[in-house]
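Here the structure comes first, spelled out in C-alpha cells, and everything after it is commentary.
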Amino acid sequence: MSDTRAIALTVNGQPRQATVETRLTLVDLLREELRLTGTHVGCEHGVCGACTVLVDGEAVRGCLLLAVQADGRRVETVESLAPDPTHLNPLQAELVRHHGVQCGFCIGGILMSLTAMLRDTPRPSEAEIRETLAGHLCRCTGYQGMVDAVLALAAAR
Amino acid sequence: MIASASRTPEGGYIGAPIPRREDARLLTGRGTFVDDLSMPGVAHAAMVRSPHAHARVGRIDTAAALALPGVLAVVTAADIADIDKPWPARMPSPVPGTRLRHGARHTLPRDKVRHAGEVVAAVVAESRALAEDACDLVRVEYEPLPAVASAAAALAPGAPRVYEELGDNVAVHIVQRVGNPERALATAPHTLRETVRVMRGGGHSMEGRGVVARYDETLGSFTVWDATQQPHAVRTMLAYLFDLPEHQVRVIAPPDVGGGLGPKASVYPEEPLVCWLARHLRRPVKWIEDRHEHFVSAAQEREQVHEVEIAFDGEGRLLALRDVFTHDVGMYGALVAPVITACTVPGPYRIPNIYSEVRAVYTNLQPSGAVRGAGRPQGVLVMERMMDRMAEALGLDPAEVRARNLIPADAFPYEVGMWFRDGARLTYDSGNYPELLRRALERADYAQARREQAALRAQGRHRGIGVAICVEGVGLGPFEGAILRLDGRGRVVVTSGAPPQGQGYQTAFAQIAADAVGVRFEDVDVVTGDTGAIPYGIGSFASRVTANAGPAILQAGGALRDRILAVGAHLLEAAPADLEIVDGAVGVRGLPDRRVPLAQVARLGNGGTAFGMVMPGGLSVGLEASAYFTPSQAGYSASAHVCILDVDAETGEVTIVRYVVGHDCGNVINPLLVEGQILGGVAHGLSNALYEEAIFDEQGQSLASSFLDYPLPSAREMPRVEMFHLTTPSPLNPLGVKGAGEAGTLPVTAAVAGAVEDALRPLGVRVNRMPLNPGRVGDLIHAAAGSR
Amino acid sequence: MKPPPFRYADPATLEEALDLLARDGADGKVLAGGQSLMPLLNFRLARPAHVIDVNRLATLAAIAPAADGGLRLGALARQRALERSALVRDRCPLLAQALAFVGHPQIRARGTLGGSLAHADPAAELPAAMVALEARLTLRRAGGERTVAAEDFFVGLLTTALAHDELLTEIALPPWPARTGAGVREVAKRHGDFALGGVAATLTLDAQGRVARARLVGFGVGPVPMRLADAERSLVGGAPTPTTFAEAGRLASAAVDPADDIHASAAYRARLAGVLTTRALTDALASASGRAA
C-alpha cells in the first residue's frame, strides 16, 4: 500500500499544507488538492513541459517531482503571474499582442519557463528564447508568436 | 503579425486583427479544460486495455480488482449488455456505386479484441491511481491470434481477417476515372512511375481526450462534458446506445479544449462507458486520457502506399495521372482520409485523364480517422514528387513545370471530374494558382536562391530548393447553425454548435456577429459546443467552421438586427429605416437625444410591457434569430510553399535555411488567427516531414509510444516562417471565406521532400518516403553511392 | 499514468541511506533527480517496493576542487549547477561541452550527474564523458566503499557495477592536462534528445604539436560507452591533421557494433561514429590550441 505524509510548502506566496500519498506527483498535488488547475498534465514523462512550475525559482517538471519532495519548498505556478485576467503582466500582454496562444494547454508551463529565464536574462536573443522553449511542446502555434512576444518584451526593456 | 484592437479602415470588425478574448483567462491559468471542471463526488475511471493486437477474449476475472479498497466498479462487456448495440457505420462511401463494408463493433468487445490498446474492461475508483492499481489486478484470458499490421499484410492471400463476417479485409474499394486514362498512358510521349510511401501519425494535441459524465436519476438524463470536436455526434451516439431521446443527453465541450487536430472528432468506447458507469454508480465519473493511451488508442493516420504514374508531353504538360493506393483504416474507421487523398492528388493542375483507385484496408491497429490535413498531405506529396521528377526528366525548372500545368485564373468554377468526400462533384470554387506560385517564388527570391545553390554546390555543399503548390478542400457541409439573441443585459449572445479547440471562435464569431447586428464587438458573447443550447450541429474539423458557422451567424445577425430595430422603432416612435445602433443603444439617426439602451429594447422584445402581459400590437416576441447555413459544396483554399534547406551529407541532418508560405483562404475574418493556424499547420507538416513517425511491428505493437521515441519539433527545431496572403473570395457563401485550419500542413512534406532530393541530386538520391530523419537520409545517401 | 504504490523514505544522512539500501535495495530504487526514474514509475515500467529519495543528502551535491588540480563532484550535483560552475568550465571543458547536449534546461534543473551515470542509458552523454575523462567513481555501502574506474562502471545495457546495496557518492576527475582540448559531437533527432550516435573526445598535444594522447568514446553505438581504442592509438605520436583524423574516423567506424532500431540503422550508426570522431577531433584540436601549458 502507498504510504502517506504530511507536507508543508509555500505555493504562490501562501503557506499550504496537505497530507498526501507519497506517490502523488507535485503537479497532481497542485491540481487536485490545491485546485490550481492552470498547470496541466500532458505526458507524464517530462517531455511536453505543460506541467512546468518553478520550485525555489527554477523551472522544473511537476510530473517528475513527488509532492513530498516539495516539502519546505517555494513553488510558483502560472496563477502567480497576474492578480486577475484584467491585469496581465508584460509577458502575458505581449503574448496576446503576438497571438502566442491558441488552445492554451501548454502556455502555463511555458510562462513559467520564460519567467525564470527572464529573471536571469532580461534581454534574451532569439536563440536563447528558442533554447528555453525547446523544453516545451506546442501542437497549435508553431511557436513563432511566442518567440516574437518575448523579443518584443526584451526590446521594450 | 501584431494584434490591433481597432476596426478595419472601412469601420467593420471582419478583417481586423483583433486580439483574442480567450487569451486572458488562458494566460492566467483560469482556463477550464475537462480535467479542470469542479465536480464534487467525482469518481475516476481507468481502462484495462488489450496488450494484444488480435486475440480472442475469454474469461475476465475482476474479483481481485473489486476487492481493492477504494474501487467502486469493474465492468466488462457482460455488465453493459443493456447498451450493447452494434455501432452504426461511421460514414458511408461518398462515391456512388461504392459501399463501406462495415464490421460489427460494440462498445466493449464481446468475442475478440482487434487492436493493442482496445478497451476490454473499465475500472472506477476514488482516485485515478487506485483505479490503475485495480486495472493491474484484472485478469483477462486472451488467446492471441495472428495479426495484420499493415495494409499489405491485410491484403495478402490467406491473411487473418479483422472481421470474419466480411470475408476479407477490404473496407472499401473505390475507382474513379476521368477521360480515358488507359489510352492516354499508352500513347503518351513520356511516362514516369514511382512508389510513394507515407506514414503519418497521431494528432497529439497537448490535451488528450477526456470525458466527465453525470447522470440525474430523477430526470433520467445525462450531462456529459467531453473534450470533443463534435458534441452533437457524440450526443446522437449516446442517445442511440442508451435508447434515450436526444434532449435527455446533453453533451458539452468544456469552455477550453486543448487542441483537437482530428482524433477528437471520432466517437470512442470510453464515452458511453463513462456514462454507463455514472448511471450505475449514481456519481459523476471522469476519465482523462493519458499520453500513453493517446498513443495506443486515439485515432491516427497511418500508412498509404501509392503506385503513381504520370504521362506528359515534351513541354512538361500533364496528359494523364494514374494513382493506385492502399490506406490502412485500422480496426474501425471513417473513409474520410482515403477519399480525400484520392481527390487531392490532382491538385491545382489541369489533368485531362485521371485514374484513381484506392483500397482502404482493415488492420489490427487502432482506428484511423483524420489528423490535421486528413489525407491531403499524402495526396500533395504524391503529385508534387511526380512534378519534380517530370521536371528532372525534361531538364526543366520544377517551378516552371508546375506553372505550365496550373489551372488558369479564369477557369473557375473548375470541375476536376471526380466525386469528393461530401458526395458532391469535385469542383474548385475560386483561386488564382499562377499568381500564388509566382508570388511565392518572388518572395523566396527563387532566382537568387538557385544561383546561391550553384555556388554552394561548387563548394561541395548540399543546398536544396523545394516548391509545392496545392489545393485544399475546405468548408465542408452539410451545415452549421447559429442562434443569435439579445439578452436582458442588452448583449448579443451567439450560440453555435461547433466547439473550438484553440481556433479563437469567441473572437472570430463575435467579429462576424458584431458586424451583422451592428453592435460593438465588446457587447457580444459567444457560446459554443453545447447540444443543450443549440439542437443541431456537425463539429469542428475539416477546416469547415468559418465557412459554415460564419454565414449562419451573418444571416441570423441580420435577422436579429431587423427585430431589434422593429422594437426600437416602437420605443422611439420612428421608422426602422431612420434608426441606427451605436454605443449599445438604438437611436434615431441625427437626433442624439432619441436613444434607448439595448437592455431596454430587450426588456420589451423578450418580455413585453405592463407586467409582461401585453405585447404592443404588431411586434413579434423574442429578440432571437437562428440560421443554418448549408454550402452547396466544399470550397477550395490553396497554398504554395518554398523550402530552402541544407543537407549534411555525412550525418544526414537537414537544416532549413528559409521557409516561405503563400496562402489563399478567401476572405479573412481575423488575419491574426489565420496566420496562427497556418503557422501551426506548418509546424505539424514539418513534424511529418522530418520528425514523427508512427511505427508498429508485424504483431501490431506500437514501437514508438512515448515522446521519447516519437519526436515532435520544439521552437528550437522550427524555422522562422515567412508568410503572405492572396485572396480569391469564395462564391459559396456571403462572407467569401474558405478555410484555414489545416492548410499549413498540406504541402510541407512535399516541399521538404523536393528540397532534400534537390539537394542530393548530385549524389543520385531518390526521396519517396518520410520522415526524413538523419538515419533515413544517411541511408539514402549511402545506398545511392553504392548503386552508382 | 500514475505510479504504483511504494514505500517512500528520504533519509537525512548518508549512513541512514546506506542502511536503507542494505535492507531494501534489492527491491528498491534510488530517487535522485527523478528525470529517468519518474517516467518509469509514471508508466509503471518500474514497480519498486521501496523508493529511497537521496535528495536530502546535501553533502553529496558538492562541486569541489581536488587537491591534485582535478575535480571532486558529488553524485547529487545537479546538471544545471555543473553547467553554471566556473570550476567545471575551467577544469573540465569536456564535461562543460557534454552538458549542453543533455536534455533541456528544465530537465537539467533536477537531473544529477550520479543519476545519469547510474541509469546508464547507452545514448547518454555523461557516461561517455566520464569514460573519456577516466573518472573514478566512489561506490559506498553500509560498512564499506570501493572505487571503480568509469570504464568498468558501465557493464551492460542500462546496467552498472552498482550492487543493490550500493550508492554512487562521488566522481573524481583527474586534472586537465596542459595543451588539451575537448570536443563533443552528436546527432539526435531533436536537440536534447538521446543521441543516434555521439563521440566525446579529448586531444593532448606535446610541445612539438604532435598528439601525445587521445581519448575517444562513442555513445549510442553500443550497449555501453565505447572506448575507440584503435582510433586513439592511430593518432598518438602523429600530427593532428585532417588525414589522421579521417583515418581515426575510419577506425572508429569499423570498431563499433551498434544495433538497428526504429530510430536508425546499425550501418548508419557505424558510419556516424566515424564522421563524429573526425569532427570531435577537429573541435578538440581547435580548443587544445587555445590552451597554453
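Summary table below
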item: Peptides ranked, highest mean first, by Cβ atoms within 10 Å: ranges C:15-21, B:147-153, B:7-13; result: B:147-153, C:15-21, B:7-13
item: Shape category assigned to the range B:563-674 from the gyration tensor of Cα positions, a/c cut at 1.5; result: prolate
item: Amide H contacts under 5 Å for residue B:55, placed H, 5+ residues apart; result: B:113, B:145
item: Mean shadow area of the protein assembly as shown over all directions, Cα convex hull, nm²; result: 50.1 nm²
item: Mean separation of Cα contacts under 8 Å, 6 or more apart, over the residue count of the range C:60-173: relative contact order %; result: 28 percent
item: Share of pairwise Cα separations in chain A, more than 29 Å, in percent; result: 17 percent
item: Label-point separation in nm, residue B:85 to residue B:445, each point 7 Å along Cα→Cβ; result: 6.4 nm
item: Pair-distance profile P(r), taking every C-alpha pair of the range B:3-154, with 5 angstrom steps and integer %; result: 2, 8, 11, 12, 12, 11, 9, 8, 8, 8, 6, 4, 2, 1, 0
item: Likely footprinting exposure, B:541, B:707, B:509, fewest C-beta neighbours within 10 Å first; result: B:707, B:541, B:509
item: The range C:7-52, Cα convex hull volume normalised per residue, Å³; result: 64 Å³
item: Potential extension, residue B:143-residue B:61 segment - 0.36 nm per residue separation minus Cα distance; result: 28.0 nm
item: Long-range HN-HN contacts of residue B:704 with modeled amide H, under 5 Å; result: B:695
item: Inter-centroid distance (Cα atoms) of the range B:694-767 relative to the range B:556-593, Å; result: 50 Å
item: Under-5 Å amide H pairs with residue B:121, H placed in peptide plane, nonlocal only; result: B:48
item: Proxy reagent accessibility, fewest Cβ within 10 Å first, across A:79, B:182, B:246; result: B:182, B:246, A:79
item: Computed over chain C: relative contact order in percent, which uses C-alpha pairs under 8 Å that are six or more apart; result: 16 percent
item: Number of partner chain Cβ atoms within 10 Å, mean per residue of C:95-105; result: 3
item: Cα-Cα over 27 Å, subset of C:2/C:29; B:286/B:738; B:85/C:2; B:85/B:738; result: B:286/B:738; B:85/C:2; B:85/B:738
item: Neighbouring partner chain Cβ atoms per residue of B:3-10, average, 10 Å criterion; result: 1
item: Calculated FRET efficiency for the pair residue B:630/residue B:126, C-beta based, R₀ 60 Å, to 0.05; result: 0.80
item: Overall form of the range A:4-80 per C-alpha gyration tensor (a/c, 1.5; a/b vs b/c); result: oblate
item: Förster radius 35 Å - calculated FRET efficiency between residue B:785 and residue C:206 (Cβ-Cβ, nearest 0.05); result: 0.40
item: Average other protein chain Cβ within 10 Å of Cβ, residues B:684-697; result: 1
item: Euclidean distance between Cα centres, the range B:409-462 to the range C:82-129, Å; result: 47 Å
item: Separation of the residue C:27 and residue B:720 label points, Cα + 7 Å toward Cβ, nm; result: 5.9 nm
item: Ratio Rg/Rh [Cα only; Rh per Kirkwood] for the range A:1-44; result: 0.98
item: Relative contact order (%) - criterion: Cα under 8 Å, at least six apart; region: the range C:180-289; result: 33 percent
item: Square roots of five times the Cα gyration tensor eigenvalues for the range C:60-173, Å; result: 20, 16, 13
item: Relative exposure of C:189, B:738, C:29, judged by other C-beta atoms within 10 Å (fewest first); result: C:29, C:189, B:738
item: Computed label-point distance, nm, for sites residue B:219 and residue B:697 using a 7 Å Cα→Cβ extension; result: 5.0 nm
item: Whole-Å semi-axes of the range B:82-163's equivalent ellipsoid (Cα gyration tensor); result: 31, 19, 11
item: Shape call, chain B: gyration tensor on alpha carbons, a/c limit 1.5; result: oblate
item: Per-residue ³J(HN,Hα) for the range B:281-286, Karplus 6.51 cos²θ - 1.76 cosθ + 1.60, θ = phi - 60°, Hz, x for Gly and Pro; result: 8, 6, 9, x, 10, 10
item: FRET efficiency estimate (nearest 0.05) - Cβ-Cβ, residue B:657 to residue C:241, R0 35 angstrom; result: 0.65
item: Dimensionless Rg over Rh [chain C; C-alpha; Kirkwood]; result: 0.98
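Coordinate-derived values only; no laboratory data. Being a predicted model, the structure only gives us computed values, none of them experimental. Cβ: placed from backbone, ideal geometry, glycine included. Neighbour counts: every protein chain shown.
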